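**Q** Sending over a structure as structure tokens; questions will come in a sec.
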Amino acid sequence: MPIEIKDEEHAINLSKIAIECRIKKLEKEGVAKVKFRTKKYLFTYKVPIDKLQELMGKLKCKNVVEL
């Protein structure tokens, strides 16, 4: 089961150690899920779609994949 995080600063710190970041937009709900795959766990963070571009600028992931 993925671990859901609620803090943006924690999400930015996770992006530094993540192997891959995936972004999935859920248009009907008005949010985007950002998934951070680390060596041991999968973390998810929900962000409103209008704030997604701002967050993507702060992420330090090597691989960012949009679905």
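The values are calculated or read from the model by the stated rules, or taken from the named source; none is laboratory data. Predicted, not measured: the structure shown is a model, and the values here were computed from it. Positions of Cβ are generated from backbone atoms using ideal geometry, with glycine treated the same way; all protein chains shown enter the neighbour counts.
Listed here are the residues, each with its yes/no results for (1) assigned to a helix (DSSP H, G or I); (2) of a type in the set (Phe, Trp, Tyr); (3) farther than 16 Å from residue 63 by Cα; (4) in contact (Cβ under 8 Å) with a residue 12 or more places away in the chain.
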{"position": "1", "(1), (2), (3), (4)": "no, no, yes, no"}
{"position": "11", "(1), (2), (3), (4)": "yes, no, no, yes"}
{"position": "16", "(1), (2), (3), (4)": "yes, no, no, yes"}
{"position": "25", "(1), (2), (3), (4)": "no, no, yes, yes"}
{"position": "29", "(1), (2), (3), (4)": "no, no, yes, no"}
{"position": "32", "(1), (2), (3), (4)": "no, no, yes, yes"}
{"position": "36", "(1), (2), (3), (4)": "no, yes, no, yes"}
{"position": "40", "(1), (2), (3), (4)": "no, no, yes, no"}
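**Q** Here's a follow-up. Give just the number: which of (1) of a type outside the set (D, E, K, R); (2) modelled with pLDDT of 90 or more; (3) exposed (fewer than 11 other Cβ atoms within 10 Å of the Cβ) does residue 18 not satisfy?
**A** Here residue 18 clears every test but (3).
**Q** Right, next: Can you find, within the stretch 35-67, the residue that is surrounded by the most Cβ atoms within 10 Å (Cβ to Cβ) among those that are touching a Ser or Thr at 6+ places or on another chain (Cβ under 7 Å) and either of a type outside the set (Phe, Trp, Tyr) or more than 17 Å from residue 10 (Cβ to Cβ) (or both)?
**A** Narrowing the stretch 35-67 to residues touching a Ser or Thr at 6+ places or on another chain (Cβ under 7 Å): 35-36, 59-61.
Those left that are additionally either of a type outside the set (Phe, Trp, Tyr) or more than 17 Å from residue 10 (Cβ to Cβ) (or both): 35, 59-61.
Details: 35: 17, 59: 17, 60: 13, 61: 20.
Filtering first and then ranking leaves 61.
**Q** Here is a further query. Can you tell me which of (1) more than 18 Å from residue 65 (Cβ to Cβ); (2) in a helix (DSSP H, G or I); (3) touching a strand residue (DSSP E or B) at 6+ places or on another chain (Cβ under 7 Å) is the one residue 50 doesn't meet?
**A** (3)
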